[in-house]
Amino acid sequence: MEMRAATPAASQPLTVADLRSRFKAGKQGLLEHFATARPSASGAVRLLRGLTRHVDDTLQALWALQPMPAGAALVAVGGYGRGELFPYSDVDVLLLIPEDLDSTAPIEAFITDCWDVGLEIGSSVRTVAECVSEAQRDVTIQTALLESRLVAGARKTMQAFKTATEAAMDTAAFLRAKTLEMQQRHTKFEGTPYSLEPNCKESPGGLRDLQVLVWIARAAGLGRTWAEMAAKGLLTPFEVAQLNKHEGTVKLIRARLHAVARRREDRLVFDLQTAVADSFGYKSSRVQRSSEVLMHRYYWAAKAVTQLNQTLLLNLEERILGSANAPMRPINARFLDRAGMLEVAHDNLYVENPHAILETFLVFQQTPGIKGLSARTLRALYNSRNVMDGRFRRDPLNRELFMDILRQPHNLTHAFRLMNQTSVLGRYLWVFRRIVGRMQHDLFHVYTVDQHILMVLRNVRRFFIPEHAHEYPFCSQLASQWDEPWILYVAALFHDVAKGRGGDHSDLGASEVRRFCKDHDIPRSDTQLIEFLVKEHLTMSRIAQKEDLSDADVITAFAKRVGDIRRLTALYLLTVADIRGTSPKVWNAWKGKLLEDLYRLTARALGGTRPNVDADIENRKADARQLLALHSALPGTEEPLWKTLDIGYFARHDANDIAWHARMLWRHLDAKHPVVVARLSSVGDGLQVLVFSPDRRDLFARICGYFDSAGFSIQDAKVHTTRNGYALDTFQVLSTTMGADIGAAEYRSLIPLVEAQAAAALASDGPLPDPAKTRVSRRVRSFPVVPRVSLTPDERAQRWLLTVSASDRSGLLYAIARVLARHQVNLQLAKVSTLGERVEDTFLVDGSALQQSKAQLQIESELLDAVADGLPPAR
């Protein structure tokens, strides 16, 4: 039965005062009925529809009170247009007016009446032409107009509006804009549905993730409801049922949140969680608060929404861009590469071969260029959850596969996040499943337990990646000396896995990880170390922050508890990663200094060597000094340059490069103009070019512009900024104009030309040159890649990691650099990787434009245009 506000019969025309009383009473009646009824998704839907119809009635009555212009129309847009009006959401309306309107006085009077009645409307007054023009400029307006419906007024005007806006729709551009907007929104909300105070509308897994799918489908003419999309082959009946179920759950929670807060509040803040839980009838128990019951229900729904969003968005992308029929490259008998997405060979793969479930993530790690799982793979995983039972967990081959995943040198963090998003991690590690969506009620954790664990895993992994050495150099130095990173990964996975059971979670977690090690045939010595780390993972932080480190007895006792330098190093790395994983705001320099001081004092007490610098880097430096001596360089020649360089530089260059840089630059450390030196590449064909110059925002773009105009393709770039403000960049380049058979002699003859021309180009203050027009290879034309751009902040939101994936072509890096220079984005680090005909470039950047949401979207959009320019569309 539909919920509808009571409407008394009127024997005479209603006044604004009458409508105000009727509107207030009707809304109150709807909310009271909702508050006293048994909580259900269907009850929430009836409330939203009832509120929508109640507002419709009120607006239609107000419209009738004014002598509205002929041809004017009142249009509901946004959520109100969708027919889903939450209790305290704005009522968004569009007043369509004719082109030749003489006076707007009746329109203005109508808007005033709306506010007098108590309607909090968001209104806009436009002609049809103005709507089309503004929609083409602003995707937010275009989206709101997409869900429009007539409330009152001229039907012909409404039809003209519909026809015009539909004709102006560029579906592919709309898809890209909404995808970028969603990515940015996810970043704003920390990229997780598991924030302890999630926004049930805007956070990942919230209602907006579902609305985006409907908007894109409507724009493409692929359906307005889940059932219509299923009829188009985009969803299965099971997925439709799951979408309806979990969408209903989130709608119900949001409606209850509005009703409890008595205002527009979409955040499940701590202050309201208990009251909302009480409105559901949840009760607290000895081991779980009522609010935890509520949030656990929300997190499971949000997780399912996230999974379904990924699957349907990929399906929509394939259908709209026509990439569903793109050629696929076989990886093995079970998996294929579909334009950078991992595709199962057939839909029943996991049911017929359960071992392939974990193999999915191993292949993801091991295959260069794979960026994610295809819609077909996600769907197959979602539909094979019942396969992952006790026998699956006990299978020796599955246990071997899981350990292989942990031991892989690349993509560990992404693999485990995918495993959690697809529910594979919790179904394989049943102990992990118990903490999915479990809240942590304290003053510093901002993530649920499972998300905190994955954040700690990510932090540990970053210690072993040179590109992140700038974040915590001392940890990176220690990590480079560590021989078995997987030991730390296992400890990270289990350090908080026993939270929420009652008792000491460190002791219980140690018991769980001991069982895991036994099941997975981990050697005894490694098992003892992992168990120690889980059991003691809070000890170092507690001692560093709460005890007197100048007390020798404190240090002696801690050294005795740790036992040896290996355990100390492992515990220090896990402790830093753990604190960093609680919240971006928890870690600070003071805590870092306390922990580092405790490490150094304890290392001395254990008789270990004070780790001033990374042993590997010291070896590189020693080798570089020997190479300098072979070139008759005086002792100490390298020191002035090396003092200006950080650990990231030494981690990314071998001894040969380090010695070459020192030998070429020792006389130019105060150079006022660019210094360019080239040599034959030491790692293959082509030239290696060194650029040393006072840094400037467009320097990288100018370097790339020179290589583009001179007919060189950049194969690799290592970009650094010294402590005294100089750019020290090294490029590996190949000629694109002299043929594939060019040899060392030809390249050697190019060195003087490159050195002179590049230096002159970099010294110029003129505008950046236009990119050269190039042809793409046959392979790129046959196997185009969907361009992808990702811009994510580091935990301090001061530097941003930009990743670009696209088909390779000459001048691509310059096209990217031009966009960055145009927006005054400063490049701090670049890693260029060419995988056949596909590039995977990573840049560490900063700049004031990155702090502004609209500017970010503009930069991402321009980057997508730049990398796609001249390329065929992905099919």
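The values are calculated or read from the model by the stated rules, or taken from the named source; none is laboratory data. What you see is a predicted model; the values in this text were computed from it and never measured. All Cβ positions, glycine included, derive from the backbone under ideal geometry; neighbour counts span all protein chains shown. Heads up: the accessible areas ignore ligands, DNA and RNA and are worked out on the full protein's heavy atoms, side chains in. Shrake-Rupley method; radii C 1.70, N 1.55, O 1.52, S 1.80 Å.
Among the criteria (1) touching a Ser or Thr at 6+ places or on another chain (Cβ under 6 Å); (2) open to solvent by 20 Å² or more (accessible area, probe 1.4 Å); (3) not in a helix (DSSP H, G or I), the one H668 does not fulfil is (1).
Listed by first and then second residue, the pairs with beta-carbon distance under 6 Å, at least 6 apart or on different chains, first residue in the range 348-367 and closer than 15 Å to R391 by Cα and in contact (Cβ under 8 Å) with a residue 24 or more places away in the chain, second open to solvent by less than 10 Å² (accessible area, probe 1.4 Å) and not in a helix (DSSP H, G or I), are Y350/S384; V351/S384.
Filtering the range 127-176 to residues that are open to solvent by 50 Å² or more (accessible area, probe 1.4 Å), modelled with pLDDT of 90 or more and hydroxyl-bearing (S, T, Y) leaves only T163.
In this structure, does R427 turn out to be over 21 Å from T575 (Cα atoms), in a loop (DSSP other than H, G, I, E, B) and out of contact with any His (no Cβ under 7 Å at 6 or more places or on another chain)? Considered against the rule, which asks whether it is over 21 Å from T575 (Cα atoms), in a loop (DSSP other than H, G, I, E, B) and out of contact with any His (no Cβ under 7 Å at 6 or more places or on another chain), R427 comes out as no.
The listed residues are V363, V351, V344, V387, and the only one of them that is closer than 22 Å to R458 by Cβ and either among the aliphatic types (A, V, I, L, M) or touching a Gly at 6+ places or on another chain (Cβ under 8 Å) (or both) turns out to be V363. Of the helices (runs of 4 or more DSSP H) lying entirely inside the range 9-120, those carrying at least 1 residues that are touching a strand residue (DSSP E or B) at 6+ places or on another chain (Cβ under 8 Å) are 41-65, 78-82, 105-117. Taken residue by residue, the range 706-727 has at least one member that is at pLDDT below 90, over 30 Å from F474 (Cβ atoms), assigned to a helix (DSSP H, G or I) and touching a helix residue (DSSP H, G or I) at 6+ places or on another chain (Cβ under 6 Å). Of the set (1) at pLDDT below 90; (2) more than 26 Å from D846 (Cβ to Cβ), all apply to R796 but (2). Report yes if some residue within the range 629-640 is closer than 30 Å to T569 by Cα and assigned to a helix (DSSP H, G or I); otherwise report no. Yes, some residue in the range 629-640 is closer than 30 Å to T569 by Cα and assigned to a helix (DSSP H, G or I).
The condition (being of a type outside the set (D, E), open to solvent by less than 40 Å² (accessible area, probe 1.4 Å) and in contact (Cβ under 8 Å) with a residue 40 or more places away in the chain) is satisfied by just one residue among R385, R427, R399: R427. Check whether at least one residue in the range 725-733 is open to solvent by 20 Å² or more (accessible area, probe 1.4 Å) and either at positive phi or within 31 Å of the chain's Cα centre (by Cα) (or both), and report yes or no. So far as the range 725-733 goes, yes, one or more of its residues are open to solvent by 20 Å² or more (accessible area, probe 1.4 Å) and either at positive phi or within 31 Å of the chain's Cα centre (by Cα) (or both).
Residue check: is A277 of a type outside the set (D, E, K, R), modelled with pLDDT of 90 or more, under 20 Å from F86 (Cβ atoms) and part of a helix (DSSP H, G or I)? So A277 fits the description; yes.
Based on what the data block shows, is V287 open to solvent by 20 Å² or more (accessible area, probe 1.4 Å), among the hydrophobic types (A, V, I, L, M, F, W, C) and assigned to a loop (DSSP other than H, G, I, E, B)? Judged against the criteria, V287 is a match. The set of residues from the range 714-745 being more than 29 Å from P640 (Cβ to Cβ) and in contact with a Gly (Cβ under 8 Å, 6 or more places away or on another chain) comprises Q715, L734, S735, T736, T737, M738. For the range 836-875, a residue qualifies if it is open to solvent by less than 30 Å² (accessible area, probe 1.4 Å), more than 21 Å from H186 (Cβ to Cβ) and either in a helix (DSSP H, G or I) or at pLDDT 90 or above (or both), and the qualifying residues are A866, V867. The residue that is nearest to T422 (Cα to Cα), counting only those in the range 366-379 that are in a helix (DSSP H, G or I) and open to solvent by less than 10 Å² (accessible area, probe 1.4 Å), is T377.
In the range 308-335, the residues that are within 19 Å of T171 (Cβ to Cβ) form Cβ pairs under 6 Å with partners that are among the β-branched types (V, I, T) and open to solvent by less than 50 Å² (accessible area, probe 1.4 Å), at six or more places apart or across chains, as follows: L316/I216; I320/T171.
Under the condition of being part of a helix (DSSP H, G or I) and either in contact with a Gly (Cβ under 7 Å, 6 or more places away or on another chain) or among the aliphatic types (A, V, I, L, M) (or both), the residues counted in the range 249-274 number 9.
Of the residues that sit in the range 316-353 and are more than 15 Å from L373 (Cα to Cα) and small (G, A, S), which one is least open to solvent (accessible area, probe 1.4 Å)? If we take residues in the range 316-353 being more than 15 Å from L373 (Cα to Cα) and small (G, A, S), then A326 is least open to solvent (accessible area, probe 1.4 Å).
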